[in-house]
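Here's the structure we're looking at; comments come further down.
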Amino acid sequence: MSIEEVVKELESRRQFAGDHLWRLNTAIFNCADENEVTSQLAGRIYQVVMQMRKEYQSGQFYATDQGNYLALLGTLQNQDYFSTRQATAFRGWIAEALGAGREGGREGSAQTSKDKESGTNGLSRSEAQRLRKLEASREALAAELRQLRSLRSAVETFTSFDATKRGTGKKKDNQKQNEGPKDSPQPVMDSGRGTRREERRESVKAEPPGYQVRTDSGWIRYDDEAQTALRAAAEKGQPECEIFAQGQYYKISLKRMVQINPSTGNERSVRLQGEAPRTPEMPKLNFKRLMVEFKQLEACIAAGQEPSFHRCEPVEDNLMDWEMDMSFPAESALQKSLENLAASMFDSSLNKITFCIRFPVEFPLSPPEVWLRRPRMRYRSGQSGPVTFGGRVCSMLLASAGWQPATSMLAVLKEVQQSLVDSGIEANTTVCIKKEYPRASIQLQRLNTELFPTVNGFCQMAMTAISPEEASAFLGDLSRLEATDKIGLPFAYANSIYKRAELGADLVLPLVFELKTLLGRKTHCAIFEFIDGLPDNHVLIPKWVMEDLAIDEREPLRVRGVDLDLVTAVKVQPHSVDFYQAVRDSGRDVRELLTESLSRFSTLTEDTAVPIEVGGRLYQVQVITVEPHGAVRIIDMDVQHHFEFKVEFEPAPDLEDEAATKEFQDRALKSVKLRRERSAAGRQEIEERRREARQKRYEGLVARESANVVDKSEGTVEVGLRMPDGSQLKGKFPEGASVSCLMLAALESPWAKAALPWGIYLRMAFPKKVLASQDVIDKGFHRSTLSVQEEQAPEKDEELFAVLRDAPSPKKSVSASGMPEELAPPPLPERDESELFSRTQRAFEMQRFLRAGFNLEEAEKKFQAGEILPPTAASRRPEPRPPAALAAPAPASPAEEAEAEDEKEKRIEAVVAFTGADREVAKRALEENQWIEELAVNKVLDSLDQS
């Protein structure tokens, strides 16, 4: 049955049964179209439920069936079609049903003006009169009880009084010295009776040190659990703390040192007895640890101990921010994709990944953050492995639960390298897109647990995550949950959360929860419903949220209640260029569509993806940054409160980038030119090596023949030598000498010195024969001419260069360390440690200001002024209020008008540079789109496509 049919049936009834509550709850829960419920129908539902509440107050049939009554109210409070007054009333009735107190029920009830004035919470006149009589009787009994307690104290003093031990003067003083333990209570004067009385003389055991509260019967120490909570809050500088004592919850103001009862507002004094107050410790920059880690990694890279680590440098001499290059095993899919990217981009620097390593102020107690800078990885939803779409690397070692302060950065980087290889992730090899990830937020750890304290006492570890599809086998159809960003929890947890409100604890609404995986990924979701039948320690999560967190069915995660601020600004980035095409086909403005779509979510978390529906299809959009904190809520308890938030967006990473395309073309032309130059240089280098080989061979021939010549004196046998180039050489040689004298003369000729022959031999014309080096010169050689023949060098360069390899190499010089100089590691660059410390200290203080809530400009001013943030939470700025509607602009001064004109000129030039359109076309597009560059660029490109 539809909601209207159920409401119509219930309106005709005078009394209700338990089945009627269940049918109304089921009809509202299974409503597929929220537009089905009009404001008139919502009012009728409210009237029916109001009648049910009256019967509940009168103690009729379902007063004992509180579960169905609470389930119905819990469903109604989450529906957007009820007014603020009606939603507030539902929450008040929940608190009323749980017995949260007369004041809580009064706040949540929709009272008439007469009831508000009388404070009777909707009771009849007679009931209100009876209530006042009961309250007066209670006050009289309380006064009588206090009088009886005072009388009991007097009786105890009288019965323990010993008159024999009374004395005066020195006798009394001597007696005091022998009375026993020093901590025994001393006699006190009763101002009411004017007589002196003495308390018991037994030794009283001293109370252990700790926090105490003043009660009607004296100071009482809190239990150990409350002591732990109070000490932890004091160490962190928190202004207040919530504890559970004497069967209910109390607030402890550590600033005023009072205990506050949330139900009644009564206050009692609190003190710290027996120990010094705990003050939060001032965070200190661990510069020495950062310096040691950096030098260790730098020395490891210089010595070649880790060949895959190539470079590590502090960014602008700030040791809290490193940049490092890393490669991977050649056989891995990641390294192959990097090599392909480097080859296609003609850029050898792209065959490795550049990381950004950032350290929080608590390092080494907290793990560092590791982000990818370039190149981009190929991202597939749910299959991204340890890298998010924004480039953050997640692993057990980098999560708070898996981090150990003694872990070295060398071990961290090895773990990151191995996790990337094991995941099978690959680089994106598309050449016409941007190659870098956007820089991460300046403030580190924007999702730190300390920034979002646990509320409503809800923190469940190792809860089992299941999707609606997985749970449909035992819970039925839950497809409505899949279309939201909310979670379902077991119904038993509703009792525990609302039970705390019954015991006096604050109930923080709306109910928002933080989900954290084992790898440290986080997102935030509002409550969809407390589901009856869902097993304990299970959480129902939409499938798309599980894919964004990169978790599978039944994986463990932590669920924690948190309180988020309302969103003021958000910056998003579509995953794919298909999003722009879909928006263009829909005929809607990108910014308007994003604002409307994001408003339908309950929360937004940085570095997570949300699905945006365009034209019946879902497109993933990445949340890059949100303000005022790293996680915000969009839902508000006041459904009539309309607020605005600023939406900005980055272009999709696979959007064709003209600058990147032009850079690729320039790099390709440069590469071709460089290859030609390298080819010419290579040929020249080969020729030089060939000549060097011939020179080596020639010198060897000269040395060999010189060794064979014994007598180098001039003789009587005149012999002529004809060279291969036609020149002739004549000389006189001694008779009986070896032919080596003739060979040596030929090798020392001008022809041989220029030609560098590979070898020579001598040919005699008559008789025809080839002379050998060991032949002897006789009288038959006199006045004869010998022909010098050149031996051809090998055609293959390998045989030619063998001469160089076979030649003895010069001895290598040895360094002072005993290692050959060419093997000694290069010297480490000298760094000015004072400059490193100065810049690192600045970054440290800036991070503390940013975490405290100051923006970058305010933090810079405070640092320049020499301010140091104290370690207390009280020094933080007040939390920002929800943004109000935009006020009308004030009239601008001439200087501001001139500045605005300059800004317009810059935007016109930017549109012209991006699109290549005429200046007038760009100006007209900007005027039509409120001078927003992105919208103007889209309009110009659309017009170019149509033309």
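Each of S12, L76, A95 was placed along the dipole of the stretch 3-98 (beta-carbon charges, centred on the mean Cα), and the one lying farthest toward the positive end is A95. Close amide H pairs (under 5 Å, H built 1.01 Å from N) link L786 with G720, L721, R722, residues at least 5 positions away or on another chain.
Computed about its Cα centre, the charge dipole of the stretch 1-53 is approximately 360 debye, with only Lys, Arg, Asp and Glu carrying charge at their Cβ.
In a reduced charge model with +1 at each Lys and Arg Cβ and -1 at each Asp and Glu Cβ, the stretch 490-529 shows a dipole moment near 220 debye about its Cα centre. Dipole orientation for the stretch 210-330: of the candidates V213, F309, W322, V213 has the Cα lying most toward the positive pole (charges on Cβ; Lys, Arg +1; Asp, Glu -1). The percentage of C-alpha pairs in the stretch 211-272 whose separation is greater than 14 Å is 51%.
A quarter of the convex hull surface defined by the alpha-carbon atoms of the stretch 451-563 gives 6.7 nm² as the mean projection. Think of each Lys and Arg Cβ as +1 and each Asp and Glu Cβ as -1; about the Cα centre, that makes the dipole of the stretch 211-272 roughly 260 debye. Take 422-428, 769-775 and order them by the average number of nearby Cβ atoms within 10 Å per residue, most first; the result is 422-428, 769-775.
Answer rounded, prolate or oblate for the stretch 513-566, using the Cα gyration tensor with square roots of eigenvalues a ≥ b ≥ c: rounded when a/c is under 1.5, else prolate when a/b is larger than b/c, else oblate. Cα axes put the stretch 513-566 in the oblate bin. Restriction of the trypsin sites (Lys or Arg not before Pro) in the stretch 211-258 to DSSP coil positions whose beta-carbon has at most 13 other beta-carbons within 10 angstrom yields K255, R256.
Ranking D725, D636 by solvent-accessible area of protein heavy atoms (1.4 Å probe, all protein chains present), from largest to smallest, gives D725, D636. In the stretch 451-563, a dipole from Cβ-located charges (positive for Lys and Arg, negative for Asp and Glu) runs towards its positive end, and of S467, L518, F528 it is L518 whose Cα lies farthest in that direction.
The values are calculated or read from the model by the stated rules, or taken from the named source; none is laboratory data. Just so it is clear, the structure is predicted and the values come from calculations on it, not from any experiment. Positions of Cβ are backbone-derived with ideal geometry, glycine not excepted, and every protein chain shown enters the neighbour counts. SASA here: full protein model, heavy atoms, side chains in, ligands and nucleic acids out. Shrake-Rupley method; radii C 1.70, N 1.55, O 1.52, S 1.80 Å.
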